[in-house]
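None of the figures in this text is laboratory data; all of them are computed from the coordinates on show. Note that the structure is a prediction, hence the values are computed from the model and not measured. A quick note on method: Cβ atoms are made from the backbone with ideal geometry, for glycine too, and the neighbour counts reach across all protein chains shown.
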C-alpha cells in the first residue's frame, strides 16, 4: 500500500534526524522529492507507521501525519522518472 508521510520538524534542523530518515527508508520503497514529505510503499498500516516513526521525532515540537494514498494522484515538477516510479507502486495492498 502507498502512504504519504508529512513531517513538520521544528525541534532541530531537518538534517539532524538521522534515525527518522533511516526508519522511513526501512519501511519499503520510498521517494522524498518534496521537503517534509515522503511517499512510501509498505505493508504497514498508517497507525503502525506513525508508531514506528514517533520515537524518532521530538514529542510536543515536531508534527507527523500519515495517510494512505489511492491511485488518484497528480503532480508536476516532480522530476525525471517520478511518474514511472509511481505507476509501478502497489496502492491496493495485493500483489
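In Å and on Cα atoms, what radius of gyration and Dmax does the chain show?
13.4, 39
Could you let me know the centre-to-centre spacing of the stretch 4-18 and the stretch 28-95, using Cα atoms, in angstrom?
15 Å
Mean residue ellipticity at 222 nm from the helices of the chain, using -39,500 (n - 2.57) per DSSP H segment of n ≥ 4 over the full residue count, to the nearest 500 deg cm²/dmol?
Computed mean residue ellipticity for the chain: -6500 deg cm²/dmol.
Which residue, 42, 71, 56, tops the fluctuation ranking in a GNM of the chain built on C-alpha contacts under 10 Å?
Between 42, 71, 56, it is 71 that shows the largest mean-square fluctuation.
In vacuum, with every alpha carbon of the stretch 8-49 counted as one equal point scatterer, what does the Debye formula give for log10 I(q)/I(0) at q = 0.28 Å⁻¹? Two decimals, please.
Debye output, listed in q order: -1.13.
Compute the FRET efficiency between residue 30 and residue 59 as 1/(1 + (r/R0)^6), taking r as their Cβ-Cβ distance and R0 = 25 Å, and round to the nearest 0.05.
0.60
Where does each of 8-16, 74-82, 29-37 land if you order them by average Cβ count within 10 Å, highest first?
Packing proxy ranking, top to bottom: 29-37, 8-16, 74-82.
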